[in-house]
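Since the structure comes first, as C-alpha cells, the remarks are kept for the end.
Each reported figure results from applying straightforward, stated rules to the coordinates on display, with no laboratory input. It should be emphasised that the depicted structure is a prediction, and the values quoted were computed from it without experimental measurement. Cβ placement follows ideal geometry from the backbone for every residue including glycine, while neighbour counts extend to all protein chains displayed.
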C-alpha cells in the first residue's frame with residue numbers, strides 16, 4: 001500500500017467561489033503539494049435545485065486563475081473517474097445495496113414537518129432537529145413504505161447508540177454521540193438522489209483519498225461519515241477541519257459581507273498573486289502585504305502556523321490590500 005498523500009478539492013457548483021472557499025482550497029492544495037502528494041478535483045453536484053449550469057466551468061477557471069492545479073479531475077481525466085458526482089450514481093447505488101443487505105438501512109416516509117412536530121426539543125443547526133426514529137421499526141416489509149400514504153420513501157441508516165471517536169489533526173481527539181445529536185440520518189433521498197454523507201464516503205474511498213481538508217462547518221458530518229465507513233468496511237482518512245473565514249458579524253462569509261467572489265477580482269484585473277498573498281496572510285503563512293503564488297508558499301507551509309480561531313474578513317481591509325499599488 002502506497003504511503004503517498006492523496007487529497008481532494010471538492011467544490012459544489014451552487015455558486016461562485018469566494019475568499020472563504022479559496023482559503024480552504026489553498027490549504028488543502030498546500031498540504032498535499034508540500035509532501036509531493038496527489039490531488040483530485042471532484043465536483044459535488046448532487047444538490048440538484050441549487051446547482052447552477054455554468055458553475056462547474058467557472059469553479060475550474062477560478063481555481064486555475066488562483067494558481068491551483070490537480071492531478072485528476074473532470075478536465076484531466078484519470079483512473080478514478082468519473083469526477084462529477086451526478087455521473088457516479090451507479091456506484092452509490094451499489095453502496096446503498098450493500099448497506100441494505102447488511103440490515104443497516106430502513107425506509108422513512110417522514111416529512112420535515114413530521115420531524116419538527118415529533119421532536120421534543122428541536123434545536124438549531126444545519127441539519128435541523130434530531131430524527132426521533134419514527135420509521136425505524138415501522139415497516140416489516142421495507143417495500144411497503146414506498147406506497148404508504150402515497151409518499152415515496154427516503155432511506156435512513158441505523159446509527160449505533162454510542163460515541164463515535166475520531167482524531168482531528170488540528171483539534172485533537174473528539175467524540176460525538178450521533179444517535180443523540182442527529183439520530184438516524186438519510187443516505188438516499190425520497191427522489192432517489194444519494195445524500196451528501198454517503199456520496200462523500202464512497203467517493204473518498206474509491207479515489208484513494210486519505211486526507212480531507214475542509215471547513216469546520218463540516219465537523220459535525222465527520223462522525224456520521226465514520227459510521228458509514230465502518231458499515232461499508234472503508235478506510236478512514238485523516239481529517240483537518242479548518243476555521244472559517246467570517247464577516248465582522250462573526251457569521252460565515254456571505255453576500256451580505258460584500259462581493260468577495262474570485263471572479264470579481266479576476267474580472268477587475270487584480271493580480272492573482274495579491275489574492276493568494278491575502279489568503280496566505282490569513283493562514284499565518286505570509287506578511288500582510290506580500291504577493292505570492294501558491295508554488296512560492298509550498299516551502300513555508302506548516303499546519304502549526306494556521307490560526308485555530310475564525311478569521312475575520314474585514315471588507316474595507318480587503319479593498320485596501322487588493323487595490324493598493326504593487
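For the chain, the spread of Cα positions along the three principal axes, ordered from largest to smallest, is 70, 45, 40 Å.
For the range 27-60, the residues whose backbone nitrogen is under 20 Å from a point 7 Å from the Cα of residue 295, taken along Cα to Cβ, are 27-41.
Compute the relative contact order of the chain as a whole-number percentage, counting only Cα pairs closer than 8 Å that sit 6 or more residues apart in sequence. It comes to 20 percent, rounded to a whole number. If you run the Gaussian network model on the chain, springs between alpha carbon atoms under 10 Å, then out of 44, 271, 296 the most flexible one is 296. Pairwise Cα separations in the range 1-115 fall into 10 Å bins from 0 onward with the following percentages, short to long: 12, 34, 30, 18, 5.
Please list log₁₀ I(q)/I(0) at q = 0.16, 0.23 Å⁻¹ for the range 164-284, using the Debye equation with identical point scatterers on the alpha-carbon positions. The computed values of log10 I(q)/I(0) come out as -0.96, -1.29. The angle separating the long axis of helix 272-282 from the principal Cα axis of greatest extent in the chain is about 70 degrees. Quick check: the angle from helix 196-206's long axis to the longest principal axis of the chain, C-alpha only, nearest 10 degrees? Result, in degrees: 70. Highest GNM mean-square fluctuation among 160, 237, 53, for the chain modelled with Cα contacts below 10 Å: 53. What do you get for Rg/Rh of the range 258-309 when both radii come from the Cα atoms and Rh is the Kirkwood radius? Radius of gyration over Kirkwood radius for the range 258-309 works out to 1.01. Compared with the dominant Cα axis of the chain, that is its longest principal axis, helix 55-66 is turned about 30°. Beta bridges assigned by DSSP with both partners in the chain are antiparallel in approximately 50 percent of cases.
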